[in-house]
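Heads up: the structure comes next, in structure tokens.
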Amino acid sequence: MNNLHAKTLDIINLNVTLPNGHRLLRDVSLSLDPGEVRALVGESGAGKSMIGKAVLGILPTGISISQGEILLEGTHLNALTPATRRKTIAQTSALIPQDPLTALNPVRKIGPQITDPLTRIHGWTKARALARTRELLDRVHIRNPDRVLNSYPHELSGGMRQRILIAAAFAPSPRLIVADEPTTALDVTVQKEILRLIRELQRETGTGVLFVTHDMGVVAKISQKVTVLFGGRVVEDAPTHRIFENPEHAYTRALIAATPTPNASTEPFRPVPPALIAELHREIQADDDRFSKRAHR
Amino acid sequence: MTDVMTPPQPALFSIKDLHLSFPDRAHRPLFGTAPRIEVLKGLTLDLPEGRITGIVGESGSGKSTLGRVLVRLLAPDAGQVTFDGKDIGTLDEDALRPLRRDLQMIFQDPMSSLNPRHKVWRIIAQPMKRYRRGGTRADALKALEKVGLPESFADRYPHELSGGQRQRVGIARAIALEPRFILADEIVSGLDVSSQAQVLSLLKTLAKDMGLTVAFISHDLSVIRHLCDDVIVLNHGEIVDSGPVQTVFEHPKSDITKALLDAIPRPEINDSWFD
């Protein structure tokens, strides 16, 4: 299964569709190398979270992949039976969600919530799972691992819970992590620490990360590659330094300009110009017309 | 963009040695009363009339608690809260009622602060009726126009609006009452940058046009830099920095302010940011 030369993730012309035929993702292609962080950026509704959900096989009910291929470590996911697909995804990938409180079971202690997947999915012994969990909790600077393992989620702060989920995600050294706005709910100082942890662990384990965010500031700090999305379409795909130093698409430039900075020199409050949005919508419409012709042929 | 050094304005709010604490239920003994956690530890500050003051700090710094004292959803344990020359800290609900219209609030999550069963125009008109400030559909439409929403939005329900549009309705509801003070608590933290920019420039224009005094609570210093005239930095219930935004941002006195400024990820390549 593990093809050494394969990319961690390869998405080819992915289309994700509502039951009424409306496309949420439109011919999205992107790839991720081992150890690489790719930011998926765009406004609400751009489809950035949907890509991660499609890859992990956790699309909401009714939403499905209508066309396209997802290759995880060289394995065509659509060619697998649902059971094998779930197993493959679970053994190679992990999710760091936006809201750690809803991701953690409120009536179970933290300890088993981290170790269970390690024993059940990865087949580790309990002792090994517990040792690895302690190691990771130490890595995310949790001083008192025994107390934390015996706590319930509500007894911990938001930053603490997010660090626990990062530890849980990295514990099995997955090949792929989808980080879905993992720092949006946090204070800037905690955000910086969390970003640093993700970067450190990801470099150590060689994990590829799809990092979903709407914050161009975070994109600049954490990623090496960027996919800019609008209305479920890829608007620009480029190395991060090029996105900031020489962005090609007007929408990318508008997103960067809309990001507030603490400098007095930058002009405040520049939303994406409505004319640009209208143009992007026209492109999507034209795209949809071509797509429906293709579908009806 | 930032206005020229304005002459010192009389303070609309004047707060002296404000203390506030909550019972610590987690450590309640079997008998007797729970110990108290001090959330605000003797704050002294002024909010000058007609200016936008940013209140910033980390989670748990007491910024929302301070906001809630300003609109008198919470009463202080000790200290003075003077609004327009009146000490409102000790007033009971009956005595506060005539002041309520002057002290309005815009909330973080419009989905839970706008009645989901009411159309937009009723959401705006209902408090107008209560405070005898009109409350007809036409009145609501006027408020909608001020926040840049077309008439067609009057008959929509909150769930039919985008996050930015909902926040505009929240602003319309507050300004329709022609208050003197608005508390805005993290009103753009749930929005993406483009909607954020729209809502903030709207708030700034309205506040300046109507001569409103605004307290803008946020954890985002970049937003405060561009929106506010003054800023107060809170840490564990104490003021660690305050003054005109330009002064505080360019010459932060406290390490807390410096740390908050340093932690902002700016949209530019900087390989040494993590070091």
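Stokes-Einstein D for the range B:103-178 at 25 °C, 0.890 mPa s, Kirkwood Rh over Cα pairs, in µm²/s?
207
Can you tell me what share of the DSSP beta bridges in the range A:9-291 is antiparallel? A percent to the nearest 5 is fine.
DSSP beta bridges in the range A:9-291 are roughly 55 percent antiparallel.
What are the extents of the Cα atoms of the protein assembly as shown along their three principal axes, listed from largest to smallest and rounded to whole Å?
75, 62, 45
Given a cut-off of under 8 Å on Cα pairs at least six residues apart, what relative contact order in percent is computed for the range B:103-178?
42
Based on the Cβ-Cβ distance from A:Glu283 to B:Glu178, what FRET efficiency comes out when R0 is 45 Å, to the nearest 0.05?
Working from the Cβ atoms, E equals 0.55.
Using a Gaussian network model of chain A with C-alpha springs under 10 Å, which one of A:Glu236, A:Glu245, A:Glu283 is most mobile by mean-square fluctuation?
Judging by the Gaussian network model, the answer is A:Glu245.
So what's the net charge close to A:Gln113: Lys and Arg +1, Asp and Glu -1, counting the other residues with Cβ under 13 Å from its Cβ?
+3
Pulled fully out, how much extra length does the chain show between A:Arg253 and A:Ile121, if you take 0.36 nm times their separation in residues and subtract their Cα-Cα distance? Please report the intermediate quantities before stating the final value.
Values: separation 132, 0.36 × 132 = 47.52 nm, distance 4.32 nm.
Stretched out fully, the A:Arg253 to A:Ile121 stretch lengthens by 43.2 nm.
Looking at the square roots a ≥ b ≥ c of the eigenvalues of the Cα gyration tensor of the range A:35-81, which shape do they give, rounded for a/c under 1.5, prolate if a/b is larger than b/c, or oblate?
Details: a/c = 2.43, a/b = 1.20, b/c = 2.03.
Because a/c hits 1.5 or more and a/b fails to exceed b/c, the range A:35-81 counts as oblate.
Return A:Phe244, B:Phe107 ranked ascending by Cβ neighbour count within 10 Å, so the fewest neighbours appear first. Can you show the working numbers first?
Working: A:Phe244 20, B:Phe107 17.
If I rank by nearby Cβ atoms, fewest first, I get B:Phe107, A:Phe244.
Highest GNM mean-square fluctuation, chain A, Cα pairs closer than 10 Å: which of A:Ala54, A:Ala238, A:Ala286?
Highest fluctuation of the listed residues: A:Ala286.
Restricting the count to DSSP beta bridges whose residues both fall in chain B, what percent are antiparallel, rounded to a multiple of 5?
55
State to the nearest 20 debye the size of the charge dipole of the range A:9-291 about its Cα centre, where the only charges are +1 on K and R beta carbons and -1 on D and E beta carbons.
Dipole size: approximately 1140 debye.
Decide, for the range A:212-251, between rounded, prolate and oblate: order the square roots of the alpha carbon gyration tensor eigenvalues as a ≥ b ≥ c, take rounded if a/c falls under 1.5, and otherwise choose prolate if a/b is larger than b/c, else oblate.
Details: a/c = 1.80, a/b = 1.20, b/c = 1.50.
Because a/c hits 1.5 or more and a/b fails to exceed b/c, the range A:212-251 counts as oblate.
Could you check the simple spin-label distance between A:Leu80 and A:Ile12, using points 7 Å along Cα→Cβ, in nm with one decimal?
For the pair A:Leu80/A:Ile12, the computed spacing is 1.8 nm.
Using +1 on the beta carbon of Lys and Arg, -1 on that of Asp and Glu, and nothing else charged, what's the dipole of the range B:6-68 about the Cα centre, debye to 20?
The dipole of the range B:6-68 has a size of about 220 debye.
Where both partners of a DSSP beta bridge lie in the protein assembly as shown, what percent of those bridges are antiparallel, to the nearest 5?
Beta bridges within the protein assembly as shown, antiparallel portion: roughly 55 percent.
Check the straight Cα-Cα distances from A:Lys48 and name the aspartates and glutamates below 18 Å, setting aside those fewer than 8 residues away within the same chain.
A:Asp10, A:Asp27, A:Glu36, A:Glu69, A:Asp99, A:Asp180, A:Glu181, A:Asp215, A:Glu236, A:Asp237, B:Asp192
Between A:Arg242 and B:Phe31, what FRET efficiency follows from the Cβ-Cβ distance if R0 is 51 Å, with the result rounded to 0.05?
0.15
To one decimal place, what Kirkwood hydrodynamic radius in Å is obtained for chain B from all pairs of distinct Cα atoms?
19.9
Work out the P(r) tail for the range A:160-211: percent of alpha carbon pairs separated by more than 14 Å, whole number.
47
Can you give me the Cα centroid spacing of the range A:211-276 and the range B:171-217 in angstrom?
The range A:211-276 and the range B:171-217 have Cα centres separated by 25 Å.
How high is the relative contact order of chain A, in percent, with contacts defined as C-alpha pairs under 8 Å that are six or more residues apart?
Relative contact order comes out at 24 percent.
Convex hull over the Cα atoms of chain A, averaged projected area in nm²?
Here the figure is 17.2 nm², rounded to one decimal.
Working out 0.36 nm times the residue gap between B:Ser272 and B:Lys258, then minus their Cα-Cα distance, what length gain in nm do you get to one decimal?
Between B:Ser272 and B:Lys258, full extension yields an extra 3.4 nm.
Pick from A:Val37, A:Val178, A:Val190 the residue whose mean-square fluctuation is largest in a GNM of chain A, springs joining Cα atoms under 10 Å.
Most flexible of the set in this elastic network: A:Val190.
Let me check against my output: what whole-number percent is the relative contact order of chain B, with C-alpha pairs under 8 Å and at least 6 apart? Kindly include the intermediate steps, with their values, before the conclusion.
Working: 488 pairs, mean separation 64.2, N = 275.
RCO, chain B: 23 percent.
How much FRET efficiency would the formula 1/(1 + (r/R0)^6) give for B:Arg122 and A:Ala131, where r is the Cβ-Cβ distance and R0 is 60 Å, rounded to 0.05?
0.50
Using the basic label-point model (7 angstrom from Cα toward the beta carbon), what is the A:Tyr152 to A:Glu267 distance in nanometres?
In this crude label model, A:Tyr152 to A:Glu267 measures out at 5.3 nm.
All of the numbers you see were taken from the coordinates with simple rules; none came from a lab. Predicted model only: the values in this text are computed from it and were never measured. Cβ coordinates were reconstructed from backbone atoms using ideal geometry, including for glycine residues, and neighbour counts include every protein chain displayed.
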